[in-house]
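I have placed the structure first, in the form of structure tokens, so that the comments after it can refer back to it.
The values are calculated or read from the model by the stated rules, or taken from the named source; none is laboratory data. All values reported here derive from a predicted model rather than from experimental measurement. For neighbour counting, all protein chains shown are included, and Cβ atoms are generated from backbone atoms with ideal geometry for every residue, glycine included.
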Amino acid sequence: MKFEVLTIFPEIIECYIKHGVLGKALNKGIVEVKVYNLRDFTSDKHKKVDDYPYGGGAGMVMQIEPFYNAIMHLKADEKPRKLVLLSPQGRKFTQKLAQKFMEESKAMVLICGRYEGIDERVKAFVDEEVSIGDYVLSGGELAALVIIDSVVRLIPGALGDELSAVEDSFMKGFLDYPHYTRPEDFKGMKVPEVLLSGDHKKIALWRKRQALKNTLKNRPDLLKNLSPEDMRILKELC
Ligand SMILES: Nc1ncccc1[N+](=O)[O-]
């Protein structure tokens, strides 16, 4: 899978992608990330990317021309790609959307705005507008990294088997269960007995109950399409 990122701060993206899961996936050749500096697609000597808003108002707006030039440059190879604009006005990014992007797109262009926003006409050249949350970031770069990280984790072979369970729980519609490791007793804070029992059936049930309990407490909005078994467990918790 290939990600092409349009930004005026390429170093934000380049720095992050060298580490962790993404670094391994890059080394394995499972994913490719190319970062393009929008300033390289300007036509003036000052490499200007923004200007004052028509109609007045605070701050600056990013101009359409660098985005247009960069998108046309990428499209010159006529390969299919999904163009995604990161913005607080976009549709909410979820684990399910990450799964959809991984399954449907061989290549994604992640378009990062800065300042008070970007010229509305840029949207004529994108496929989707996506938001990672209801808050305003200084730019789309962090959102682009969130999308890259969460999509790459879903690519077969990108992770060891042990980590895929985390995605599964979100995909099934509830939060993850609690995790513990050594020491067994830390200043009197003990690991739950059941996890030391070796009884995998009991452990699985305990984990499911804890996941549903956490979800009921912090994210009841996720509890929609539960299986009859999960519904039974949830009813016991209420
Ligand atoms: N929330 C955001 N704020 C600024 C830019 C992009 C954003 N987002 O969620 O994609």
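Things worth noting here:
- Of all residue pairs spaced 6 or more apart or on separate chains, those with beta-carbon atoms under 9 Å, a first member in segment 35-57 that is more than 22 Å from TYR16 (Cβ to Cβ) and without any contact (Cβ under 8 Å) to a residue 40 or more places away in the chain and a second member that is basic (Lys, Arg) and outside any loop (DSSP other than H, G, I, E, B) are LYS47/ARG39; LYS48/ARG39.
- Check on PRO80, surrounded by 18 or more Cβ atoms within 10 Å (Cβ to Cβ) and away from the ligand (no atom under 14 Å from the Cβ): no
- Residue count for segment 83-118 under the criterion of being more than 14 Å from the ligand (Cβ to nearest atom), more than 18 Å from GLU32 (Cβ to Cβ) and touching a strand residue (DSSP E or B) at 6+ places or on another chain (Cβ under 6 Å): the result is 0.
- Taken over segment 58-91, residues that are without any contact (Cβ under 8 Å) to a residue 12 or more places away in the chain and of a type in the set (Lys, Arg) amount to 1.
- Tabulated pairs, segment 1-24, first within 27 Å of TYR115 (Cα to Cα), second small (Gly, Ala, Ser) and assigned to a helix (DSSP H, G or I), C-beta under 6 angstrom, 6+ apart or interchain: VAL5/ALA144; LEU6/ALA70
Residues are listed down the side, and each one gets a yes or a no for (1) modelled with pLDDT of 90 or more; (2) polar (S, T, N, Q); (3) assigned to a loop (DSSP other than H, G, I, E, B); (4) within 18 Å of GLN95 (Cα to Cα):
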residue	(1), (2), (3), (4)
LEU175	yes, no, yes, yes
THR181	yes, yes, yes, no
THR215	yes, yes, no, yes
ARG232	yes, no, no, no
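- Taken over segment 25-34, residues that are touching a residue at least 24 places away in the same chain (Cβ under 8 Å) and either exposed (fewer than 13 other Cβ atoms within 10 Å of the Cβ) or outside any helix (DSSP H, G or I) (or both) amount to 6.
- If the condition is being surrounded by fewer than 19 Cβ atoms within 10 Å (Cβ to Cβ) and more than 17 Å from LEU85 (Cβ to Cβ), then segment 136-152 contributes only ASP149.
- Residues located in segment 49-106, provided they are on the phi > 0 side of the Ramachandran plot and basic (Lys, Arg): none
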